[in-house]
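**Q** Questions regarding the structure given below will be posed in turn.
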Amino acid sequence: MRIKRLRSHPRFRLEGASDHFQSCWELELNPGEETSPHRHYEREELLYLVSGRALVTIESIQREVTTGEVVLIPPRHSHKIINRSNRPLHALSVESRFDTTEISYEEQKSTAPSESLATALSELAPVLNESEAIQKLVEIFNVGSQLSVHLEASRDITAQAGQEAMERLERDVMNAVLEITKRYHDEN
């Protein structure tokens, strides 16, 4: 498996130029390879299959996807891509932020951020290869970012409690990073 973040042209830098665009990735899976199940907490993903055939799973729904087809993966939905063909699979993935203002404050409160971090950690494999480790690190930092926004926007928290929660969040994210690093080093 090969995952490569594509660079923006220096004169037309995309990162930060839009409220929505975040990154573009090139994905290559050899026959029989698959990505680990993962989710993006603040982003939706648009997957374009350049060549090959894939079995794409979003939550419990599986669909065969062929060259030229596009799949939208909504935020917070577990997904994975499997190459079940006998040829290499090539895909492009464009990730963009979704507008959290469309989600009500009550709805944001009901999706407890600490559960999101626990979910991301619970999905860790015992041993991670390089691309899985990178995916998990990105996921953990995205969850941490979402949680910090959650804490800063919370109307039901005092300044002291907010500071303590932020420090606890930082420790939890760093512990997750250390755990991912350990599982990656165990692989090598």
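**Q** Find out how many positive minus negative residues lie around residue 67, taking Lys and Arg as positive, Asp and Glu as negative, among other residues whose Cβ is under 11 Å from that of residue 67.
**A** Numbers: positive: 53, 87; negative: 69.
Summing Lys/Arg as +1 and Asp/Glu as -1 gives +1.
**Q** At 0.36 nm per residue, minus the direct Cα-Cα distance, what do residue 23 and residue 2 gain on full extension? Give it in nm, one decimal, please.
**A** Values: separation 21, 0.36 × 21 = 7.56 nm, distance 1.62 nm.
The residue 23-residue 2 span can extend by a further 5.9 nm.
**Q** At 0.36 nm per residue, minus the direct Cα-Cα distance, what do residue 160 and residue 134 gain on full extension? Give it in nm, one decimal, please. Display every interim value, and only then the final one.
**A** Values: separation 26, 0.36 × 26 = 9.36 nm, distance 3.37 nm.
Gain on extension, residue 160 to residue 134, equals 6.0 nm.
Read the figures in this text as sums done on the coordinates, not as results from a lab. These figures come from a predicted structure and were not determined experimentally. Neighbour counts are summed over all protein chains in view; Cβ atoms, including those assigned to glycine, are modelled from backbone coordinates with ideal geometry.
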